[in-house]
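Coordinate-derived values only; no laboratory data. Here the structure is a predicted model, which means the values were calculated and not measured. Using ideal geometry, Cβ is built from the backbone for each residue, glycine included, and neighbour counts are taken over all protein chains shown.
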Amino acid sequence: MADSGVTRRTALGVLTAVAGGAFVLRGTAPAAAAEPPLGQNEPLDAALKRVFGGRPMKDGSGMIKLDIPLIAENGAVVPVSVEVNAPMTPQSYVKHIYVVADKNRIPIVTRVALTPASGQAYMGANIRLGETTDVRAIVEQSDGTLFALKREVKVTVGGCGG
Amino acid sequence: MSDVGKVRLRVPASIKAGDVIRVRCLVIHPMERIERDKAGKIIDKKYQYIDTVTVTYLGRTVATFDTTQSVSENPFFAFAVKATDPGKLTVAFHDTHGQKYEGSADIAFS
């Protein structure tokens, strides 16, 4: 594991990690959420295609727990949390958790990069929802397998503006 | 809005070595939404919102959130960390205007 010290050994370790794909550090894939200055007003399909490149997604209903209210009265603040029932060991861990709101103008809400040091694949956040929409949790494992789960949220007052 | 950038971090009150703890954090930030003019065209400007949140524990990055404007104003985030050693947990928020807001908590075992 590349440490943050600056001895020669760790410097070498960092080099190896970079050569090997540096997946422990910030994702090197050109994922959507990494370049938001564009404003990113794109439909869901384009966003998913750009981020996941059409890779198949398995049904994650057995392992993902997506916690979000069924009815959100105020779309400006919707609490969401995602918990994944998967091991977090250096050999196999949850690399990314994506939260995607299908009908938002910026569909990809957040991308969380995790490491085995997290101990548990869990994230929570407050998000905005523009209108009644499906919300998906997409989980990427360290070997690249994708799992997805979606749930509809009814929104009384939209919170995305613009 | 003098409170902008205030970070609150909450860790469980009692932690045992090896526990997986859940940490919640909050930052006061406007997270500007996309604005449109009367014709419905997006006003082109550099919107100020948080695009990266980094969690560091014992000098190592544990989790990174990449966020967009679809995240609420005064965003709240939660994540899990395995508390292996006593030490400092830091959460740093970076926004598109180059501002950096930081909060930290000490992980101590009871």
**Request:** Among the residues of the range A:79-126, write down those that are within 13 Å of the chain's Cα centre (by Cα), more than 21 Å from B:I21 (Cβ to Cβ) and of a type in the set (A, V, I, L, M).
**Result:** A:V99, A:V100, A:A101, A:I108, A:V109
**Request:** Name every residue in the range B:27-45 that is touching a residue at least 24 places away in the same chain (Cβ under 8 Å), out of contact with any Pro (no Cβ under 7 Å at 6 or more places or on another chain) and more than 9 Å from every other protein chain (Cβ to nearest Cβ), in order of residue number.
**Result:** B:I28, B:P30, B:E32
**Candidate set from the range A:46-80 (those that are charged (D, E, K, R) and in contact with a Ser or Thr (Cβ under 6 Å, 6 or more places away or on another chain)); member that is farthest from A:T145 (Cα to Cα)** = A:E73
**Asked** Identify, please: which residue in the range A:72-108 is within 21 Å of A:D59 (Cβ to Cβ) and at the interface with chain B (Cβ under 7 Å from one of its Cβ atoms) and is, among those, surrounded by the fewest Cβ atoms within 10 Å (Cβ to Cβ)?
**Response** A:S81
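Can we say B:V11 is over 21 Å from A:I127 (Cβ atoms) and either among the hydrophobic types (A, V, I, L, M, F, W, C) or in contact with a Cys (Cβ under 7 Å, 6 or more places away or on another chain) (or both)? If you could, list the steps in order and put the result at the bottom.
Values: over 21 Å from A:I127 (Cβ atoms): yes; either among the hydrophobic types (A, V, I, L, M, F, W, C) or in contact with a Cys (Cβ under 7 Å, 6 or more places away or on another chain) (or both): yes.
Taking the combined requirement at face value, the residue satisfies it.
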**Request:** Give just the number: which of (1) within 11 Å of chain B (Cβ to nearest Cβ); (2) touching a Gly at 6+ places or on another chain (Cβ under 9 Å); (3) in a strand (DSSP E or B) does A:F147 not satisfy?
**Result:** (1)
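Only one of A:A47, A:A72, A:A86, A:A76 is closer than 13 Å to A:Y122 by Cβ and either in contact (Cβ under 8 Å) with a residue 40 or more places away in the chain or of a type in the set (S, T, Y) (or both); which?
Checking each option against the conditions leaves just A:A86.
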**Fill in**
By residue number, the members of the range A:127-138 that are more than 7 Å from every other protein chain (Cβ to nearest Cβ), of a type outside the set (S, T, N, Q) and part of a strand (DSSP E or B) are A:D134, A:V135, A:R136, A:A137, A:I138
**Fill in**
Taking the range B:64-83 and keeping only residues that are among the hydrophobic types (A, V, I, L, M, F, W, C), more than 21 Å from B:K16 (Cβ to Cβ) and touching a Leu at 6+ places or on another chain (Cβ under 7 Å), one is left with B:F76
**Asked** Looking at this structure, is B:H97 assigned to a loop (DSSP other than H, G, I, E, B) and farther than 18 Å from A:V77 by Cα?
**Response** yes
